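Undergrad: One structure follows; several queries about it will come next.
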Amino acid sequence: MASTERQDGRGAETPSPGTPASARAVARWGPQHAGARELANLYSPGKRCQEWICVILCFSLMAFNFIHLLANFHLGHVWYIFLAMVAGILTADFASGLVHWGADTWGSVDLPVFGRAFIRPFREHHIDPTAITRHDFIETNGDNCMLTLVPLVNMAFNFLTLSPAEIYRIYPFYCYLFALAIFVTLTNQIHKWSHTYFGLPRWVVFLQTCHIILPRKHHRIHHVAPHETYFCITTGWLNYPLEKLGFWRNLEDLIHRVTGEKPRADDLKWAHKVK
């Protein structure tokens with residue numbers, strides 16, 4: 001059975017001639033998939049509460065730090081700010097690929113706490129790729145907001161305690177850190193937009209077209225089974241060079257040789273669920 005990619009971004013399988021008519025009549029992927037329904041039902045009230053807290057704290061800290069970055073701005077920082085922003089975006093793109101690859105490839109939904117809370121959404125996404133478009137802002141962005149809390153808290157603390165001279169010296173690094181925090185926070189929102197084919201704001205489509213954020217056509221490459229490439233989902237800038245280097249494949253081979261674990265075994269298990 002050959003795997004194809006539909007224009008709406010959903011993975012689908014092309015039935016072979018020998019496939020029974022009853023099997024061909026039912027689409028494999030999507031919200032009707034048995035595994036997708038089971039995974040969606042694992043989203044808990046406790047998880048929802050964690051996401052709300054992280055979103056509120058993250059955006060409050062971002063506003064606080066942005067005000068202090070503006071208050072400490074000097075013209076001498078302009079060139080460093082530009083370089084810091086580019087470096088922050090590239091770091092966020094690589095980090096998105098590393099987290100995405102790790103959660104897609106290893107681990108299990110059955111792991112205590114971590115499995116249901118953080119691996120579950122990745123399993124659901126491969127068998128129901130448009131589920132993310134039905135998630136609200138909190139569910140989409142809660143986990144990424146959590147990831148940025150520590151650096152944002154540290155930055156806020158230093159703005160309150162360091163002298164102006166010390167802040168001036170480390171200002172370019174804080175611009176890098178702030179750009180990194182913004183793009184890490186928005187990665188899942190950008191990912192959601194890459195699966196949204198109708199009703200996107202024009203400015204989002206413009207950013208996708210210019211490849212400033214992850215384009216829809218670019219991300220479809222990842223959703224061709226077995227989902228083993230193009231893991232970076234912030235801008236996607238690093239996907240091609242990492243693929244040419246065989247970065248993820250070599251890393252998987254190394255881990256398999258050391259641990260004996262097969263990549264994407266749990267992902268395949270959920271894809272094969274039929275009831």
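Undergrad: Run down 84, 92, 131, 103 and say which single residue is farther than 30 Å from residue 163 by Cα and touching a residue at least 40 places away in the same chain (Cβ under 8 Å).
TA: It is 131.
Undergrad: Filter the range 225-246 down to the residues that are within 18 Å of the chain's Cα centre (by Cα), of a type outside the set (D, E, K, R) and open to solvent by 60 Å² or more (accessible area, probe 1.4 Å), then identify the one that is farthest from residue 94 (Cα to Cα).
TA: Among those that are within 18 Å of the chain's Cα centre (by Cα), of a type outside the set (D, E, K, R) and open to solvent by 60 Å² or more (accessible area, probe 1.4 Å), it is 226.
Undergrad: Next up: If a residue counts only when it is at pLDDT 55 or above, farther than 15 Å from residue 126 by Cβ and of a type in the set (D, E, K, R), which helices (runs of 4 or more DSSP H) contained entirely in the range 1-111 have at least 3 such residues?
TA: Where helices (runs of 4 or more DSSP H) fall fully within the range 1-111 and carry at least 3 residues being at pLDDT 55 or above, farther than 15 Å from residue 126 by Cβ and of a type in the set (D, E, K, R), they are 45-71.
Undergrad: Checking residue 252 against (1) of a type in the set (Asp, Glu); (2) free of Cβ contacts under 8 Å to residues at least 60 places away in the same chain; (3) open to solvent by less than 40 Å² (accessible area, probe 1.4 Å), only one condition comes out false. Which one?
TA: Only one criterion is unmet by residue 252, namely (2).
Undergrad: Kindly indicate whether any position in the range 127-135 is of a type outside the set (Lys, Arg) and farther than 28 Å from residue 269 by Cβ.
TA: No, that holds for no residue.
Undergrad: Can you pull out the residues in the range 220-268 that are under 30 Å from residue 210 (Cβ atoms) and of a type in the set (A, V, I, L, M)?
TA: Answer for the range 220-268, where residues must be under 30 Å from residue 210 (Cβ atoms) and of a type in the set (A, V, I, L, M): 221, 224, 225, 233, 238, 242, 245.
Undergrad: Residue by residue through the range 103-139, note down the ones that are on the phi > 0 side of the Ramachandran plot and surrounded by fewer than 18 Cβ atoms within 10 Å (Cβ to Cβ).
TA: 113
Undergrad: Only helices (runs of 4 or more DSSP H) wholly contained in the range 136-244 count here; list those with 2 or more residues that are within 19 Å of residue 86 (Cβ to Cβ) and polar (S, T, N, Q).
TA: Output list reads 164-194.
Undergrad: If you check 216, 220, which single one turns out to be in contact with a strand residue (DSSP E or B) (Cβ under 7 Å, 6 or more places away or on another chain) and surrounded by 15 or more Cβ atoms within 10 Å (Cβ to Cβ)?
TA: None of the other options fit; the residue is 220.
Undergrad: On to the next question. If we keep just the residues of the range 140-187 that are among the small types (Gly, Ala, Ser) and surrounded by fewer than 17 Cβ atoms within 10 Å (Cβ to Cβ), which is farthest from residue 49 (Cα to Cα)?
TA: For the range 140-187, the residue satisfying everything is 165.
The values are calculated or read from the model by the stated rules, or taken from the named source; none is laboratory data. Treat the numbers as computed from the prediction; the structure is a model and nothing was measured. So basically every Cβ, Gly included, is an ideal-geometry build from the backbone, and we count neighbours across all protein chains shown. What goes into the accessible areas is simple: the full protein's heavy atoms, side chains included, and nothing from ligands, DNA or RNA. Shrake-Rupley method; radii C 1.70, N 1.55, O 1.52, S 1.80 Å.
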